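Visitor: Have a look at this one before I ask anything.
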Amino acid sequence: MNTLNTNTTLNQLQQYIKQKDYNADASMAYFYKLIEEVGELAEVIRKNKKQGDGGIKGTIEEELSDVLYYTLCLANVFEVNLEESFIQKEELNKIKWGK
């Protein structure tokens, strides 16, 4: 997969990231980057910096994308299919919470 679009599935996105950025020995580096990006997300949420006409740089949208990127990197390192895992977890939540 070389291009992304609004119809890209989570599995396709995970494979795209794996082709672009995969290092089986970098789990801690990916984890630290994820934590860094969560901190940056907290800052832009606090400032309510949403994407406007100025583009995505320094916005909630940018930081959420970065968090997703490093989450997918970690999933790839640990060979976790996030799409399957999310569905399984939602089934558990339905049982636990009745929703």
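Visitor: For residues that are surrounded by fewer than 14 Cβ atoms within 10 Å (Cβ to Cβ) and out of contact with any helix residue (DSSP H, G or I) (no Cβ under 8 Å at 6 or more places or on another chain), tally how many sit in segment 13-28.
Guide: 4
Visitor: Quick one: what pairs do we get from segment 88-99, first residue on the phi < 0 side of the Ramachandran plot, second assigned to a helix (DSSP H, G or I), C-beta under 9 Å, 6+ apart or different chains?
Guide: Lys99/Asn93
Each row is one residue, and each column tells you yes or no for (1) assigned to a helix (DSSP H, G or I); (2) among the polar types (S, T, N, Q); (3) within 14 Å of the chain's Cα centre (by Cα).
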{"residue": "Met28", "(1), (2), (3)": "yes, no, no"}
{"residue": "Glu43", "(1), (2), (3)": "yes, no, no"}
{"residue": "Ser65", "(1), (2), (3)": "yes, yes, yes"}
{"residue": "Tyr70", "(1), (2), (3)": "yes, no, yes"}
{"residue": "Ala75", "(1), (2), (3)": "yes, no, yes"}
{"residue": "Glu79", "(1), (2), (3)": "no, no, no"}
{"residue": "Lys89", "(1), (2), (3)": "yes, no, no"}
{"residue": "Lys94", "(1), (2), (3)": "yes, no, no"}
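Visitor: If Gly58 satisfies all but one of (1) part of a helix (DSSP H, G or I); (2) at pLDDT below 95; (3) of a type in the set (Gly, Ala, Ser), what's the number of the condition it fails?
Guide: Condition not satisfied by Gly58: (1).
Visitor: Find the residue count for segment 60-88, including only residues that are β-branched (Val, Ile, Thr) and within 18 Å of Glu40 (Cα to Cα).
Guide: Qualifying residue count, segment 60-88: 3.
The values are calculated or read from the model by the stated rules, or taken from the named source; none is laboratory data. Only a predicted model underlies this, so the values are computations on that prediction, with no experimental measurement involved. With ideal geometry, Cβ positions are generated from the backbone for all residues, glycine too; neighbour counts draw on all protein chains shown.
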